[in-house]
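Each value in this text was obtained by applying a stated rule to the coordinates, not by laboratory testing. No experiment lies behind these values; they were computed from the predicted model shown. Cβ coordinates were reconstructed from backbone atoms using ideal geometry, including for glycine residues, and neighbour counts include every protein chain displayed.
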Amino acid sequence: MSDKDKVKTWLGKNRLNQSQAQIDNLLGYIDMIRETSSKMNLVSKNDLPQLIERHLLDSLHALTVYTIPPGSHIADLGSGAGFPGIPIAIARPDTQMDLVESRHRKCLFLGSVIDKLKLSNAKVIHDRWENRTNQYDIILARASLKEQDLITKALPKLNPGGVLLYFAKYNNIKIITN
């Protein structure tokens with residue numbers, strides 16, 4: 001099955017209605033990771049053959065477990081290669097996504113993704129999370145910190161009623177409220 005068919009099938013099963021342009025952007029993003037991974041370590045080499053299942057669809061899984069309100073200001077804490085922030089920004093252009101990443105080279109990659117895919121609702125924040133003073137409606141965290149450390153660092157930066165979506169394991173998202 002092609003990557004496009006995998007994505008379309010998964011979206012259909014999960015009742016996520018994405019336009020063809022959004023699907024093309026999701027696949028274009030995966031292509032950019034594959035191309036750039038030969039030059040820099042964006043994801044594990046062992047994960048490259050499973051980018052669709054283990055990274056892209058796992059990121060979009062958040063949309064099946066939590067309904068993100070339109071206009072939400074979201075932070076992807078320790079964005080790295082952009083999972084889950086970029087896929088969610090593509091799928092939900094009615095939100096504002098801050099991709100918070102401390103490593104300069106990864107910020108350059110994220111910026112190139114945003115430019116190439118014309119994601120007007122996403123921006124790269126080259127900074128350490130601890131230095132951020134912004135408040136967010138939703139914070140996403142995937143493979144960045146241990147759960148208790150994450151809660152300690154993230155909850156103070158949530159707006160009242162805000163939500164932390166913690167990607168604990170593949171296909172396992174914990175919803176932690178403020």
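Report the charge-dipole magnitude of the chain in Debye, nearest 20, computed about the Cα centre from +1 at each Lys and Arg Cβ and -1 at each Asp and Glu Cβ. Kindly include the intermediate steps, with their values, before the conclusion.
Details: 24 positive and 18 negative charges, 44 e Å.
For the chain, the charge dipole is close to 220 debye.
Run lengths n ≥ 4 of DSSP H only: what is the helix-derived mean residue ellipticity at 222 nm for the chain, with -39500 (n - 2.57) per run over all residues, to the nearest 500? Each step should come with its number before you reach the end.
Values: 6 runs with 61 residues, N = 178.
That comes out to -10000 deg cm²/dmol.
3J(HN,Hα) along the stretch 42-47: 8, 9, 4, 4, 5, 8 Hz, from the Karplus curve 6.51 cos²θ - 1.76 cosθ + 1.60 with θ = phi - 60°, whole Hz, x for Gly and Pro.
Among Thr133, Thr152, which comes first, then next, by fewest other beta-carbon atoms within 10 Å? Numbers along the way, then the final one.
Working: Thr133 5, Thr152 11.
Taking fewest neighbouring Cβ atoms as first place, the list is Thr133, Thr152.
Here Rg and Dmax of the Cα atoms in Å was computed from the coordinates, and among (1) 20.7, 75; (2) 16.0, 54; (3) 15.0, 45 the match is (3). If you take all other residues with their beta carbon under 14 Å from the beta carbon of Leu27, and give Lys and Arg +1 and Asp and Glu -1, the sum is -1.
Please give the contour-minus-distance gain from Leu155 to Asn178: 0.36 nm per residue of separation, less the Cα-Cα distance, rounded to one decimal in nm. Intermediate results must be reported in sequence, preceding the final value.
Values: separation 23, 0.36 × 23 = 8.28 nm, distance 0.61 nm.
So the extension gain works out to 7.7 nm.
Note: relative contact order over the chain, using C-alpha pairs below 8 Å and six or more positions apart, is 18 percent.
The DSSP beta bridges internal to the chain are antiparallel in roughly 25% of cases.
Along the chain, the exposed loop sites are chymotrypsin sites (Phe, Trp or Tyr not before Pro) outside DSSP states H, G, I, E and B with at most 16 other Cβ atoms within 10 Å, and the longest stretch free of them is 67-169. For the stretch 1-58, trypsin sites (Lys or Arg not before Pro) are listed when DSSP marks them as loop and at most 10 other Cβ atoms sit within 10 Å of their Cβ; the list is Arg15, Lys39.
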